């Protein structure tokens, strides 16, 4: 599965969730869905905006981890 | 014409149709003229009970379908792609197939051209509603996925 490490990057950069949400033009509720790994997909435009704001690469935010139960 | 107006007009027509169906069902018992017409002109004299039972079952099914349709139309203005609507179309489809089956069986006992036409129309409407139900179910899935795409 793909894990979203947005919390870690936000802490590293000292940026709050609200600030990021406002900067990239999404709601706090949607940012929360992203942070809690409940999202089904992420748009390139969103990823681009996050990377721009946090000055990082997609690999810093997204990480592949082996599924424990083997489910896709 | 806006979606809101269209939905309101359609719902008003559906409510009028519901009242008409209910009135016709009541007329079977209240009006002597209707009874005479059914017995003399529509071939119901041989098996009145069976004929009335068939009409009541089909009338009930028609009312149920109209109520479900009105409920679906109510959601058109806000958010029609919900699981409830998909299930409603499936229920309507099954109900229409049941009515079609009643008309089909009637063809073997009291055949009229209109009975055969009704059977065909109900079976086709049922299949159409079932297809719509499946399409709605897929739309609900797409919508859910889209909502979770950030």
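Would you mind finding the one in B:55, B:69, B:73 that is crowded, with 16+ Cβ neighbours inside 10 Å, touching a residue at least 60 places away in the same chain (Cβ under 8 Å), away from chain A (no Cβ under 14 Å) and within 25 Å of residue B:23 (Cα to Cα)? Unique residue meeting the criteria: B:73. The helices (runs of 4 or more DSSP H) found entirely in chain A that carry 3 or more residues being within 14 Å of another protein chain (Cβ to nearest Cβ) are A:17-24, A:28-35, A:44-54.
Any read-out appearing in this document is the output of simple, stated calculations on the displayed coordinates, not a laboratory observation. Every value quoted in this text rests on a predicted model; they were computed, and no experiment measured them. As a convention, Cβ positions derive from the backbone with ideal geometry for all residues, glycine included, and neighbour counts pool all protein chains shown.
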